[in-house]
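Have a look at the structure below before the remarks.
Just so it is clear, none of the values below were taken in a lab; they were calculated from the coordinates. It should be emphasised that the depicted structure is a prediction, and the values quoted were computed from it without experimental measurement. Here Cβ is always computed from backbone atoms with ideal geometry, including for glycine, and neighbour counts include all displayed protein chains.
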Amino acid sequence: MSTNEISITVKLFAFFRENRFKQQEQTFPATITVREIIQRLGIDPEEVGVTMINSRHCTLDQTPVQGDQLAIFPVIGGG
Amino acid sequence: MAEKIYRVNMTNLTTSTEPVPDKWLGLGGRGLTSTIVADEVEPTCHPLGGKNKLVVAPGLLSGTVAANSGRLSIGAKSPLTGTIKEANSGGTAAQMLAKLGCKALIIEGLPEGDAWYTLLISKDGVTIQEEQELVGKGNFDVVATIGKRTDEKHGIITIGPAGEMKLSAANISIKDPDSHLRSSGRGGLGAVMGSKRVKCIIIEPTDAKVEIVDQEKFTEANRAFTKALVDNPISQALGTYGTNVLVNIINEAGALPTRNFTNGQFDGHEEISGETMHDIIVEREGKPKHNCHKGCVIQCSQIYNDKEKKYKTSGFEYESIWAMGADCCVDNLDHIAEADHLMDDIGVDSIETSVAMGVAMEGGLLEFGDGEGICRILREDVAKGTPLGRIIGCGAASVGRAFGVTRVPVVKNQAIPAYDPRAVKGMGITYATSTQGADHTMGYTIATNILGVGGSIDPLSQDGQVELSRNLQIATAAIDSTGMCLFIAFAALDDEKCLPALVDMINARFGADLTADDVTNLGISILKTERAFNEAAGFTNKDDRLPEFFYEEPIAPHNVVWDIPDEELDKFWDF
């Protein structure tokens, strides 16, 4: 991994897991945004309900840093 | 058929039907149960004494073909909280009562002697029959026995042994379309029914239809309303994973109360999650989708089978799974399902009883994680009414007192469910200020704090939480009066066509001319009626507080405490 890259843990939930994974360490360019990661995974950003970095809500324009945990949820609810 | 009030006096074992007084005409569901309790019950009365009344009411749209309108409200003064109470449930009863023209059923007084009774509700009114066969039976056996006595089509509202023993976590069960059970769970209303020695209420089927003033307008509005529900992505996820889809997201947000509220994340979250549950259900040939009442288009319920592919439980909800799972550290869904089944059969609230188990584990009764131990205590103690079983069956606060545990997650004696208020501040406002003790359904700020529905408010910030909780509590009181399932709120918060369609349906049903503002005002007036009852019962703003440990013990991973100032909490009622 070069200094221009970051390694983060990506977690997927509900039907985003289908044909993908639950949790994976992935390497990305250091400038990548959450939106770009979602697109690389083949997920339509319109289907995304909630994203969190290290258990805090984040925007799609945010840039994760080395070692972050990124959680990506579809639009879900319950109660 | 003209709507009537059905009244049952258990003191002298008489019944009557009355015309609906003008002041109750525009009310249904929770609006009606709370208004009747406030009108007719002395706020300071003993909840299990002769002055309390149990009120059952379908919603304003129940019995019509409106999607998701089959919810039933049951109200009384609660033996658990001492406040006014409404518990809301699916099942077939609401639609059947509405079709019979029963606007509300009021059960009052107490009989002398040891006999038990069954109430039979038909188009002619109510009859009281002495009951022997069903006494002592669990709820599943009650439903099966009545099925043989009558036919499968009758509606049933029943209490299990817990209600007969008047335990303060006793619930009231409602038969669903598959002869399984739904629960009016919270607040110990089963004990009120038990105090009146009513084991069950049987509702006769009818071909009668609910009157609709403007059928064409109603049909059109229902079409728009149904489309808003079906198109909503949250509805779709609920149909696939059930409400238990929340385990993973609440865990990720650090707000999943674990090990009796000492951590915000549970190592075993994946094992008890909605995703895992879905896979188990499919593998064992259960049903991921299931409706608790006819006409539900969301279908968040499910049929969960055991390893032999036989029915184990349904309506297997996130809050019950959290309570028995993360809060008691049980990471085995089959143990949780068995406990859920047992609690349904015994007739105790699966939130209150499970949180009570978590407190008991801290008190040393069992090791955290001992799911089999929980099931054993439910079977051998709670069901049989041993002294230990009665302590647990009276809820988390009861266990805390008996075991000398101070970390007791309750407000007004009712167990806090599934969302840690330190990590989701809006929920803390709801738990503290709700007219009915800690109850997530009273003002579900998770929508906006966590799920991004109806906007977005940082769950850890103090800003905007009081207003968020207030707006949701008002809207919820109104929705709970319509007979609608609360899950229509997800569509209502984000789809501008949803709420107008709902108001149009109410107007078409009654020939009324209500606006969205009128609906909001209904919610406000219900909350104020409930608050006034509680104040007259002796509650003050000092009761609108979270337990001490939330102020003092930080919770991981965010290491936050409850930090909303008391003065902010008191502003909740400034409306």
Quiz prompt | Single residue of segment B:515-525 satisfying the filter (in a helix (DSSP H, G or I) and not charged (D, E, K, R)) that is nearest to B:T35 (Cα to Cα) | solution = B:S525
Quiz item: So, of the residues in segment B:258-276 that are in a helix (DSSP H, G or I) and at the interface with chain A (Cβ under 8 Å from one of its Cβ atoms), which turns out to be farthest from the chain's Cα centre (by Cα)?
Solution: B:E275
Quiz item: Does segment B:222-232 include one or more residues that are surrounded by 22 or more Cβ atoms within 10 Å (Cβ to Cβ), among the aromatic types (F, W, Y) and part of a loop (DSSP other than H, G, I, E, B)?
Solution: no
Practice problem: For segment A:8-79, please list each of the strands (runs of 3 or more DSSP E) lying entirely inside it that holds at least 1 residues being of a type outside the set (K, R) and surrounded by fewer than 17 Cβ atoms within 10 Å (Cβ to Cβ). | Solution: A:23-29, A:69-74
Quiz item: B:P459 passes all but one of (1) within 11 Å of chain A (Cβ to nearest Cβ); (2) in contact with an Asp or Glu (Cβ under 8 Å, 6 or more places away or on another chain); which number fails?
Solution: (2)
Quiz prompt | Number of the condition not met by B:H440 [criteria: (1) more than 11 Å from chain A (Cβ to nearest Cβ); (2) in contact with a Ser or Thr (Cβ under 8 Å, 6 or more places away or on another chain); (3) in contact (Cβ under 8 Å) with a residue 40 or more places away in the chain] | solution = (1)
Quiz item: Cβ-Cβ below 8 Å, separation at least six or inter-chain, first residue in segment B:292-306 and farther than 16 Å from B:S179 by Cβ, second assigned to a loop (DSSP other than H, G, I, E, B) and β-branched (V, I, T): which pairs?
Solution: B:G295/B:V65
Quiz item: Within segment A:47-56, which residues are closer than 19 Å to B:I234 by Cα and in contact with a Pro (Cβ under 8 Å, 6 or more places away or on another chain)?
Solution: A:E47, A:V48, A:G49
Quiz item: Quick one: is B:M361 without any contact (Cβ under 8 Å) to a residue 60 or more places away in the chain and either of a type in the set (A, V, I, L, M) or surrounded by fewer than 24 Cβ atoms within 10 Å (Cβ to Cβ) (or both)?
Solution: no
Quiz prompt | All positions within segment B:431-457 that are among the aliphatic types (A, V, I, L, M) and part of a loop (DSSP other than H, G, I, E, B) | solution = B:A438, B:I450, B:L451, B:V453, B:I457
Quiz prompt | Residues located in segment B:536-561, provided they are within 23 Å of B:T33 (Cα to Cα) and exposed (fewer than 15 other Cβ atoms within 10 Å of the Cβ) | solution = B:A536, B:G538, B:T540
Quiz item: Considering only residues of segment B:388-408 that are small (G, A, S) and buried (at least 22 other Cβ atoms within 10 Å of the Cβ), which is farthest from B:E552 (Cα to Cα)?
Solution: B:G389
Exercise. Select from segment B:526-575 the residues that are among the β-branched types (V, I, T) and in a helix (DSSP H, G or I) and list them in ascending order.
Key: B:I526, B:T529
Exercise. May I ask you to list pairs of residues, at least six apart or on different chains, whose Cβ atoms are under 6 Å apart, with the first in segment A:60-75 being within 14 Å of chain B (Cβ to nearest Cβ) and the second being among the acidic types (D, E)?
Key: A:A71/B:E252; A:P74/A:E47
Quiz item: Name the strands (runs of 3 or more DSSP E) wholly within segment B:74-169 that hold at least 1 residues that are more than 17 Å from the chain's Cα centre (by Cα)?
Solution: B:102-108, B:116-122, B:125-131, B:155-158
Exercise. Would you mind finding the one in B:A237, B:A255 that is within 11 Å of another protein chain (Cβ to nearest Cβ), within 27 Å of B:L493 (Cα to Cα) and in contact with a strand residue (DSSP E or B) (Cβ under 7 Å, 6 or more places away or on another chain)?
Key: B:A237
